[in-house]
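Trainee: To start, I am sharing the structure in question, which I have written as structure tokens.
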Amino acid sequence: GEMKMKKFLALILTLAMALSVTACGGSDDTADDTADGEGSGTEETADYASMTDDELKAAITTVEGGKLTVATSPDFAPYEFYALDENKEPQLAGFDMDLAQYIADYLGLELEVVTVDFDGVISELQTKSVDLGMAGLSPDEKRMGIMDFSDLYYMGGQSLNVKDNAEKYNSFEAINKPDVSVGAQVGSIQMDLANENSPEADIVGLPKVTDIISELLTGKMDAAYIETDVAKSYQKNYPELTLVMDVPYDAEGSAIGVCKGNEALLAGVNEAIAAAKEDGSLEKFIADAGELAAGEKYEGLLDAEGNVQN
């Protein structure tokens, strides 16, 4: 019994790992490397930093040839959200999306965006179904086991937000009570901050920031942990939202989640980020997204046909 089962499970895991090497565009030669132990020393590992752009582009493999597949969660203005165009049609917008397009162009790939809930972005990367996750991700220990991280491309802060009651709920002490409902997005850094700073509160996890905003506005929720720029972006439309205080958080900043083990892609993404910073594109993307986020937005995900869900 028991032993056999364990051996069987170990075998399944080994197979699963062998399979996962080829997902994520692991190049075909990975199989040869692993056959003789741990590859034969360092000469197997390409030095992506010293390659020319063309050599690097040629070395990059992706989940689907010729495409850069990016998972995102479009409920997080100004990072990613649906802006309504003049015909009231929702268009995917936000500086993560502009940066995704820039990276795809830079690497000579066609951009394909997969929209899921925020915790879905993490599981898409975990199963190696996508090349990148771009959803205002902050690098943290837990996530590093699941994905590789690019260089930071944006520094954001964290804040505590309420609708009214700014005098009442203006400290961690004030909200750290069982009768105070405090919101945070499922699977997010904000959820960790809620558990850390107000563990006694009635913590409510919701999949979308837009749900948190509407619960705050309807008075169902007393306070919420939200990324500062995202909160400010919602305040433009809902001035009654108040940013009560900054929440200290040491790993400030957003990075791109890169499918684990795809070193050529990681190197390419970092080069593209550096280029976008240097040529002023990133600043422009952030400014444009701020403008768009202040306008009309559709809050939520689209259905399978790309239509607004009611």
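The values are calculated or read from the model by the stated rules, or taken from the named source; none is laboratory data. What you see is a predicted model; the values in this text were computed from it and never measured. Don't worry about glycine lacking a Cβ; one is built from the backbone with ideal geometry, like all the others, and counts go over all protein chains shown. Just so you know, the surface numbers come from the protein's heavy atoms only, side chains and all, with ligands and any DNA or RNA stripped out. Shrake-Rupley method; radii C 1.70, N 1.55, O 1.52, S 1.80 Å.
Trainee: Just checking, how many residues over the range 129-147 are more than 11 Å from Ala71 (Cβ to Cβ) and in contact with a helix residue (DSSP H, G or I) (Cβ under 8 Å, 6 or more places away or on another chain)?
Mentor: Of the residues in the range 129-147, the ones more than 11 Å from Ala71 (Cβ to Cβ) are 136, 138-146.
Narrowing further to those that are in contact with a helix residue (DSSP H, G or I) (Cβ under 8 Å, 6 or more places away or on another chain): 136, 138, 140, 143, 146.
Number of matching residues: 5.
Trainee: Hey, does the range 198-205 have a residue that's modelled with pLDDT of 95 or more, polar (S, T, N, Q) and surrounded by fewer than 16 Cβ atoms within 10 Å (Cβ to Cβ)?
Mentor: To start, the set of residues in the range 198-205 that are modelled with pLDDT of 95 or more comprises 198-205.
Retained after the next criterion (residues that are polar (S, T, N, Q)): 198.
Next, only the ones that are surrounded by fewer than 16 Cβ atoms within 10 Å (Cβ to Cβ) stay: none.
Within the range 198-205 (the criterion being modelled with pLDDT of 95 or more, polar (S, T, N, Q) and surrounded by fewer than 16 Cβ atoms within 10 Å (Cβ to Cβ)), the answer is no, since none of the residues qualifies.
Trainee: Now for a separate question. State yes or no: is Leu68 of a type outside the set (Lys, Arg), at pLDDT 95 or above, closer than 13 Å to Gly136 by Cα and surrounded by 20 or more Cβ atoms within 10 Å (Cβ to Cβ)? Break it down stepwise before answering.
Mentor: Details: of a type outside the set (Lys, Arg): yes; at pLDDT 95 or above: yes; closer than 13 Å to Gly136 by Cα: no; surrounded by 20 or more Cβ atoms within 10 Å (Cβ to Cβ): yes.
No.
Trainee: Working only within the range 82-128, note down all residues that are of a type in the set (Gly, Ala, Ser) and open to solvent by less than 30 Å² (accessible area, probe 1.4 Å). Explain how you work it out, then say what you get.
Mentor: The first filter runs over the range 82-128 and keeps only residues of a type in the set (Gly, Ala, Ser), leaving 83, 93-94, 100, 104, 108, 120, 123.
The answer is Ala83, Ala93, Gly94, Ala100, Ala104, Gly120.
Trainee: Considering only residues that are part of a helix (DSSP H, G or I) and of a type in the set (Ser, Thr, Tyr), which ones fall in the range 220-231?
Mentor: Initially, the range 220-231 is screened for residues part of a helix (DSSP H, G or I), giving 228-231.
Within the range 220-231, Thr228 is the sole residue that qualifies.
Trainee: Just checking, how many residues over the range 232-277 are touching a residue at least 60 places away in the same chain (Cβ under 8 Å), in a loop (DSSP other than H, G, I, E, B) and under 19 Å from the mean Cα position of the chain (by Cα)?
Mentor: 7
Trainee: Now for a separate question. For the range 162-219, give me each residue that is of a type in the set (A, V, I, L, M), free of Cβ contacts under 8 Å to residues at least 24 places away in the same chain and outside any helix (DSSP H, G or I).
Mentor: Pass one, the range 162-219, residues of a type in the set (A, V, I, L, M): 162, 166, 174-175, 180, 182, 184, 186, 189, 191, 193-194, 201, 203-204, 206, 209, 212-213, 216-217.
Retained after the next criterion (residues that are free of Cβ contacts under 8 Å to residues at least 24 places away in the same chain): 174, 203-204, 206.
Correct list: Ile203, Val204, Leu206.
Trainee: Can you tell me which residue is surrounded by the most Cβ atoms within 10 Å (Cβ to Cβ) among those in the range 129-147 that are in contact (Cβ under 8 Å) with a residue 40 or more places away in the chain and of a type in the set (A, V, I, L, M)? Write out each step before concluding.
Mentor: Filtering the range 129-147 for residues in contact (Cβ under 8 Å) with a residue 40 or more places away in the chain gives 129-140, 143, 146-147.
Subset that is of a type in the set (A, V, I, L, M): 130, 132, 134-135, 137, 146-147.
On the way: Val130: 28, Leu132: 32, Met134: 28, Ala135: 28, Leu137: 27, Ile146: 16, Met147: 27.
Per the stated criteria, the residue is Leu132.
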